[in-house]
Amino acid sequence: MSLSLAVTAGAAFNDQDKIVNTEAVDMCSALGIINGYTDGSFKPEGNVTRAEAAKMITIALNGGKEPVLSASATPTYTDIAGHWAAKYIEYCNSLGIVAGKSATQFDPNGNVTGTELAKMLLIALGYNAEHEKFVGANWDTNVNVSASQKNLYKELEAIDPAVALSRDNAAQMIWNALNADTITVTSSIDRNDGSIVDSYSKSGKDML
């Protein structure tokens, strides 16, 4: 699926003067990926939860539109039963974009870090988490290196990716990803040691 970037920037929020990443916030708002609040504010300094991150990526993957989804009768994680974002979490989980904090817990209301969102976005772009070593020991270092190389931290070089991510900075990361190249993965088996080797090719400028 692809997302057209031919949109008109959203209207200013009543706390627009507090927004640092203006273009990113305006565009993500116009695309319906990150919404403002009913009081007309954006609350750029507010933190993004893991559940909210799952919804943002779901909307981006579906061209800025709300897809027809339903929550599983038997939730993958016990702590998302009845949660407003259960269907988004299940959707992203089915695509390997998100994972639980454990086999049974997702922690939907926990804050998402920059590294965690970067990992989600890299997988949404087409990268294989296991082959890229985005899991296991040093997963965070590997994610941050790859995210920097793919410009997901563009305009955000000064942030600490290990701490809770603000709505302002989340918009910038998502906007960066929307302008990144999606990739196609071709896997082959190394005849020498039997390991799986991935090769990547660019498949376009429309992310997700």
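With 23 Å as the limit, the listed pairs LYS119/LYS154; LYS43/LYS150; LYS87/LYS154; LYS65/LYS87; LYS43/LYS101 have LYS43/LYS150; LYS87/LYS154; LYS43/LYS101 beyond it between alpha carbons.
Computed over protein heavy atoms with a 1.4 angstrom probe, the accessible surface ordering of TYR127, TYR37, largest first, is TYR37, TYR127. Using heavy atoms of the protein chains and a probe of 1.4 Å, the accessible area assigned to SER148 is about 70 Å². Looking at the stretch 105-152, the accessible area is 43 square angstrom per residue; that uses a 1.4 Å probe and ignores ligands, DNA and RNA. Applying the Karplus relation 6.51 cos²θ - 1.76 cosθ + 1.60 with θ = phi - 60° to the stretch 167-174 yields 3J(HN,Hα) values of 4, 4, 6, 5, 4, 5, 4, 5 Hz, where x marks Gly and Pro. Ordered by 1.4 Å accessible area with all protein chains kept, LEU152, LEU69 run largest first as LEU69, LEU152.
Rounded to whole numbers, the Karplus 3J(HN,Hα) couplings from phi for the stretch 101-107 are 6, 8, 5, 10, 10, 9, 6 Hz, using 6.51 cos²θ - 1.76 cosθ + 1.60 with θ = phi - 60°, and x at Gly and Pro. Expressed as a whole percent, the accessible area of the stretch 1-110 that falls on carbon and sulfur atoms is 52 (1.4 Å probe).
The values are calculated or read from the model by the stated rules, or taken from the named source; none is laboratory data. This is a predicted model, so every value here is computed, not measured. Keep in mind that these areas ignore ligands, DNA and RNA; they rest on the heavy atoms of the full protein, side chains included. Shrake-Rupley method; radii C 1.70, N 1.55, O 1.52, S 1.80 Å.
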